[in-house]
Amino acid sequence: MVDIWLDAVTPKDSLLLYSLLPLLRRKGHNVLVTAKEQTQTTDVLKLAGIPYTAIGKYGETLREKLVEEQNRILTFVKLFDKVGKPKVLWTHGDVGAIRTAFGLQIPIVYSNDTPHATHVARLVCPLVDWLIVPICFGKSWTKYGMSKQKIILYDGIEEVGWLKEKTKEKPKLLKELADKKKVVLFRNAEYKAAYYKDAKVDPWRLLKEVSRLATVVYMPRYEEEKEKLRDYPNVIVPQEPVLTYQIMPEVDLMIGSGGTICRETALVGVPTINFQFWDAVARYLHKKGFPMKHMTSTDTIIRTARRILKAPENHKMDTRQMLKSLESPAPITAQFIEKFL
């Protein structure tokens, strides 16, 4: 019989699961992990040694997205016919998992930090029992149908959940970085996401210019990017899955679009330039003193990168005490999951 159902559909979901799972297993709960068949999501689970059941995949067109979501729901139902109905679901915003749980009257604990993903929020917020979110967002999810009483705030951000522990590990460095003097980490926008809006920055021109200043480690979002990157000789694309914290000790500068990877680097003191999202989390980190900046001009980013890379050691920060002061979402999430057991 399954006690807790954990569902992952993005690499970040898998990392959150990584920090949450030990707290639940320590109590002896029977946990089922499901994951959407998307390379980076399942790669992280494999790297973390987490067994999972692969269910569903992504669609690209609106029709494909709708069809794949319905197929995923039906597959969940068939799975639970075999293994039994879970007592509670935790997810980070997958519509199919939440609709399945609601239809089967399974309580739902929902973590999220992307209120800009309005399509998902409008569909799922009225259905969940608890929403666990960083304090910097306040009660903003009420506009999507959540009652204030169901929104639980913590003084930190989601990335703290795994970085507090993982920064103590000896990093597994990419062999290609061993003899590189200056390294930039680069991440493009999530341009296939439903919430994506055109960025003002030209990422390919930016990448070409920065690769003249330093070795660039490019963390691709989609397989098609790898083919294009063959034209960039000083750009490394990891051939095997790698977690950001495994290479951060070698990184001198992060340039990217929004999200997890920018927050990770800023949290550990790497100068970070965010060229798309300047959301509540980014502003929260900036206000707390972490090295996160927002720039939307390609030329300005190139000038800033050139200045930082002249003397990278002068721009890195020791943020260990600052990181320690932030709350991890894992303990409070586990607490609310266990309310239904």
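No lab work stands behind these numbers, since they all come straight from the coordinates. Fair warning: this is a prediction, and the values are worked out from it, not measured in the lab. Here the Cβ positions follow ideal geometry from the backbone for every residue, glycine too, while neighbour counts run over all protein chains shown.
Key figures for this structure:
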| read-out | value |
| --- | --- |
| Residue (of 130, 291, 108) at the positive-pole extreme of the chain, dipole from beta-carbon charges | 291 |
| Length-normalised contact order of segment 245-329 in % [C-alpha pairs under 8 Å, at least 6 apart] | 29 percent |
| Per-residue ³J(HN,Hα) for segment 98-105, Karplus 6.51 cos²θ - 1.76 cosθ + 1.60, θ = phi - 60°, Hz, x for Gly and Pro | 5, 5, 4, 4, 4, x, 9, 6 |
| Sparse-neighbour loop sites [GluC sites (Glu not before Pro); segment 58-146; at most 11 other C-beta within 10 Å; DSSP] | 60 |
| Formal net charge of residues neighbouring residue 129 (Cβ-Cβ distance under 9 Å; K, R +1; D, E -1) | +2 |
| If the convex hull is drawn through the Cα atoms of segment 166-324, its volume per residue in Å³ | 118 Å³ |
| Charge dipole (debye, nearest 20) of segment 166-324; +1 at Cβ of Lys and Arg, -1 at Cβ of Asp and Glu | 580 debye |
| Average Cα contact separation per residue, segment 80-165, under 8 Å, 6 or more apart, as relative contact order % | 23 percent |
| Relative contact order of the chain, defined on C-alpha pairs under 8 angstrom at six or more residues apart (%) | 16 percent |
| Segment 294-318 and segment 87-155: distance between their alpha carbon centers, rounded to Å | 37 Å |
| Interchain or long-range residues, amide H under 5 Å from residue 88's placed H | 5 |
| Dipole-positive endmost among 311, 214, 253 within the chain (Cβ charges, Cα centre) | 311 |
| Helix-only [θ]222 nm of the chain, DSSP H runs n ≥ 4, -39500 (n - 2.57) each, per residue, nearest 500 | -11000 deg cm²/dmol |
| Table column - 3J(HN,Hα) (Hz), segment 31-36, Karplus curve with 6.51, -1.76, 1.60, x for Gly and Pro | 10, 10, 10, 10, 8, 6 |
| Integer Hz, Karplus 6.51/-1.76/1.60 couplings in order for segment 82-94, x for Gly and Pro | 8, 9, x, 7, x, 8, 7, 10, 10, 8, 10, x, 6 |
| Gain on full stretching of the segment that runs from residue 287 to residue 223 - 0.36 nm per residue minus C-alpha separation | 19.5 nm |
| Flagged links, alpha-carbon separation over 26 Å, of 46/78; 27/148; 228/310; 293/324; 139/287 | 27/148; 228/310 |
| Residues 304, 53, sorted so that the one with the fewest Cβ neighbours within 10 Å comes first | 53, 304 |
| Net dipole in debye of the chain [+1 Lys, Arg Cβ; -1 Asp, Glu Cβ; about Cα centre; nearest 20] | 620 debye |
| Crossing angle, helix 298-310 versus the chain [Cα axis fit, 0-90 degrees, rounded to tens] | 70 degrees |
